[in-house]
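> Below: one structure in structure tokens.
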Amino acid sequence: MPTARGRPPAGSWTGLDHALGEEATLGPWLPFPPQDFSRIPDAPGVYALADQKVQILTIAAALSLREALQDLAAVPPLPLRDLATHFWMEQHARPNRRRRELVNRLRASTGAFPPCNRGHPRFSVRLPAWTRHPAGRPGREPAPAHTVNVSHAGLMLALPEAPSAGTTLGLGVETPFGLVQGEGRLAWTESRPRGIWAGVILQRLETALDALRWERLIASLAERVIHA
């Protein structure tokens, strides 16, 4: 798991600098959530979230850094709710390209692919799935997909196409225990020869039955699948 080397003083943490190399000048880690959102640029850019040990939890692109961080602070997705204590941001005119650059350099340096938190093991499994964008539009035709891997807190999907990072998607996954439906935030995308791989952070499952089915899926995979 990528971390900063040592514990720099609060307000000047540079975990991404260490992970990405000496040439990276990415500025300080700041407390999350911010106390004054008016100081966050209402402009495109890239942000990262980290825990108290400066372990990077996620790196994402946003059309508005202010809106993205406000949304995360108001309704944090499941794996970040009790973990994210610091954030880093960089204003950039082409946030998706910049995010890919950072992710590729991070992966080359550490061998890890964001979200970088390994608190939730990932299990490789291919299951039929679908997405609906935007979420909350039941009448909209779902797009076919399949899982690449799953974890307690999220999943990687193979998609024919994907909206921008930060988008909330309606989700459905056919498991051996029944259909699981919910919503997730698109954390990152990567182009592949036959489509797009997308990392999705689970934000909510529709019902207690959906949650039970997901827990049973993860438990069954934990007994027989090597995890990442």
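> Quick one: grab the alpha carbon gyration tensor of the stretch 123-224, order the square roots of its eigenvalues as a ≥ b ≥ c, and give me rounded if a/c is under 1.5, else prolate or oblate depending on whether a/b is larger than b/c. Please report the intermediate quantities before stating the final value.
Numbers: a/c = 1.75, a/b = 1.24, b/c = 1.41.
Taking the square roots of the gyration eigenvalues as a ≥ b ≥ c, the stretch 123-224 is oblate.
> Show me the three semi-axes of the equivalent ellipsoid for the stretch 180-220, from the C-alpha gyration tensor (sqrt of 5 times each eigenvalue), largest first, rounded to whole Å.
Numbers: eigenvalues 123, 31, 12 Å².
Calculated on Cα positions only, the semi-axes equal 25, 12, 8 Å.
> What nm distance separates the two modelled labels at R192 and T207, each placed 7 Å from Cα along Cα→Cβ?
Calculated label separation equals 3.1 nm.
> Another one. Using 0.36 nm times the number of residues separating Q70 and N104, minus their current alpha carbon distance, what extension gain do you get? Let's see the in-between values first.
Working: separation 34, 0.36 × 34 = 12.24 nm, distance 2.67 nm.
Here the answer is 9.6 nm.
> Determine, from the Cβ-Cβ distance of E141 and F37 and an R0 of 41 Å, the FRET efficiency 1/(1 + (r/R0)^6), rounded to the nearest 0.05.
Details: r = 36 Å, r/R0 = 0.88.
In this case the efficiency is close to 0.70.
> Return the distance in nm (one decimal) between the two label points of a simple spin-label model at A222 and L63, each offset 7 Å from Cα along Cα→Cβ.
3.9 nm
Read-outs: derived from the displayed coordinates by stated rules, not from any lab. Computed from a prediction, not measured in an experiment: that's the story for all the values here. Virtual Cβ from ideal backbone geometry, glycine too; neighbours counted across all protein chains shown.
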